[in-house]
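K.L.:
Okay, handing you the structure first.
Please treat every number below as a calculation from the coordinates, not as lab data. Computed from a predicted model, the values in this text were never measured in an experiment. Reconstructed Cβ throughout: ideal geometry from the backbone, glycine too, with neighbour counts over all protein chains shown.
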Amino acid sequence: MERLIHCKKIGKELPGLDYQPLKGELGLRVFENISKEAWKMWLSHSTMVINEYRLNPSEPEAQKILKQQMEDFFFGEKAELPPDYIPPTSAS
């Protein structure tokens with residue numbers, strides 16, 4: 001049976017994650033408050049952040065930036081896009 005949570009990002013009752021996605025307090029908060037649907041949204045957003053900021057996720061400074069971005073994305077007012085980010089245009 002799936003675990004249901006009230007997703008802080010989406011604002012409704014949805015299936016929660018199957019496991020804590022990262023260690024520590026932030027990982028626990030995400031596990032307890034974020035749905036699978038919102039996590040998928042984060043994966044797309046984090047890919048954009050990594051590419052736009054040209055981050056190497058194995059570096060400690062990049063991990064710090066990604067954790068802050070995750071905190072803002074899930075629990076902040078809204079996540080800020082990188083200053084030079086230009087959304088992709090769909091081909092007509």
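K.L.:
Tabulate in residue order the Karplus-calculated ³J(HN,Hα) for the stretch 9-15, using 6.51 cos²θ - 1.76 cosθ + 1.60 with θ = phi - 60°, rounded to whole Hz; enter x for Gly and Pro.
P.N.:
Rounded to whole hertz, the list is 6, 8, x, 8, 6, 8, x.
K.L.:
Let me ask something else about it. I'd like the Kirkwood hydrodynamic radius of the stretch 4-75, using the inverse of the mean 1/r over distinct C-alpha pairs, in Å.
P.N.:
12.5
K.L.:
What residues have an amide H closer than 5 Å to that of residue 9, excluding those fewer than 5 places away on the same chain, when H is modeled at 1.01 Å from N in the peptide plane?
P.N.:
Hits under the 5 Å cutoff: 35.
K.L.:
What ³J(HN,Hα) values, in whole Hz, does the Karplus curve 6.51 cos²θ - 1.76 cosθ + 1.60 give for the stretch 35-44 when θ = phi - 60°, with x put for Gly and Pro?
P.N.:
7, 4, 4, 5, 5, 4, 4, 4, 4, 5
K.L.:
What order do you get for 10, 5, 34 when you list them from fewest to most C-beta neighbours inside 10 Å? Each step should come with its number before you reach the end.
P.N.:
Values: 10 13, 5 19, 34 25.
Final ranking by Cβ density, sparse to dense: 10, 5, 34.
K.L.:
Turning to a different aspect of this structure: Can you tell me how much longer the chain between residue 29 and residue 75 gets when fully stretched, taken as 0.36 nm per residue apart minus their C-alpha distance, in nm with one decimal? Show your work: numbers first, answer last.
P.N.:
Values: separation 46, 0.36 × 46 = 16.56 nm, distance 0.94 nm.
Between residue 29 and residue 75, full extension yields an extra 15.6 nm.
K.L.:
In nm, what is the difference between 0.36 nm times the number of residues separating residue 8 and residue 37 and their Cα-Cα distance?
P.N.:
Between residue 8 and residue 37, full extension yields 9.3 nm more.
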